[in-house]
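Notes follow once the structure below has been shown.
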Amino acid sequence: MSHTGSSGGQPGPQRTTDRATALSEPTRAYAELVAGNRRFVDGAPRHPNQDAGHRAAVADGQHPFAVIVGCSDSRLAAEIIFDRGLGDLFVVRTAGHTAGPEVLGSVEYAVTVLGTPLVVVLGHDSCGAVQAARESAATGTAPSGHLRAVVDAVLPSLRRATSEGVDDIDGIVDIHIAQTVETLLGQSPVLADEVARGRCAVVGVSYRLAAGAVRTVAAVPAGFATLEPSASTESTEPAAPATV
Ligand SMILES: [Zn+2]
């Protein structure tokens, strides 16, 4: 009934150099997330893999089919918005989905040890971390305490947005999502190698808080995730400014 139910979520049996064949695992994983998000948007979630039987079944080991590198925003709970359950998603969350060493290590663990075939960067409209970085850049002031580390990690995306002439908050969010995808691959040779071998893909998606739908912002390898993420998504154009 689920991706993990039929395959265990492991790309292990598929150790092949045929890129098209190898990418079937990431493609299936992404399709599973897209389908779950559509159920959530439509108000018809199935809440799979959340029963006591499944809890017992996965107690001996996990084979999540996707890593979610998401913002910590309380409205962005991965298992809810993708309508999944226990053992399905390996979730790493920080404010503004920043990708420091512990995040990179967590992603590498999932991809190499658990064999997870898909990494999804999950951002969202009106992101507070991006707004904080924007205000910091505008005023020339840095926040106190460790919040500064969050702002500092987002600032490169701010500079990139400025250079591209993007100044609306949701356009900046899209750029930050794409930047996070590039950071994961640029800072983790381990992940980049898995992608180069066709065993893993990295996708950046943006979630709309009110509508509940995700849309693809970035994908590596290029051309991956050409699926329409959600039937109710307004646009698949990258960096499209919010109209509402
Ligand atoms: Zn956020």
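Values computed for the structure shown
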| read-out | value |
| --- | --- |
| Calculated FRET efficiency for the pair L155/Q187, C-beta based, R₀ 25 Å, to 0.05 | 0.95 |
| Region 25-168: relative contact order as a whole-number percent, Cα under 8 Å and 6+ apart | 24 percent |
| Contour excess over end-to-end distance, with Cα ends at I80 and T226 and 0.36 nm allotted per residue | 50.3 nm |
| Span from the region 133-193 Cα centroid across to the region 63-112 one, whole angstrom | 18 Å |
| Estimated vicinal HN-Hα couplings, Hz - region 50-58 in sequence order (Karplus 6.51, -1.76, 1.60; Gly, Pro = x) | 10, 8, 4, x, 5, 4, 5, 5, 9 |
| D73, D167, D88 arranged by Cβ crowding within 10 Å, fewest neighbours leading | D167, D73, D88 |
| Residues whose placed amide H lies under 5 Å from that of V120, excluding near-sequence neighbours | V67, I68, V69, V203 |
| S144, S188, S72, S157 arranged by Cβ crowding within 10 Å, fewest neighbours leading | S144, S72, S188, S157 |
| Residue order, fewest to most surrounding Cβ atoms within 10 angstrom, among D42, D170 | D42, D170 |
| Region 81-216 - share of DSSP beta bridges that are antiparallel (%, nearest 5) | 30 percent |
| Estimated FRET transfer efficiency when R0 is 35 angstrom, pair R46-T141 (beta carbons, to 0.05) | 0.15 |
| Taking region 64-135 and dividing mean pair separation by its residue count, relative contact order in percent (alpha carbons under 8 Å, at least six apart) | 44 percent |
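Readers should treat all values here as calculations from the given coordinates under stated rules, not as data from a laboratory. Model, not experiment: these values are computed from the prediction. Counting neighbours? That spans all protein chains shown, and the Cβs are built from the backbone with ideal geometry, glycine included.
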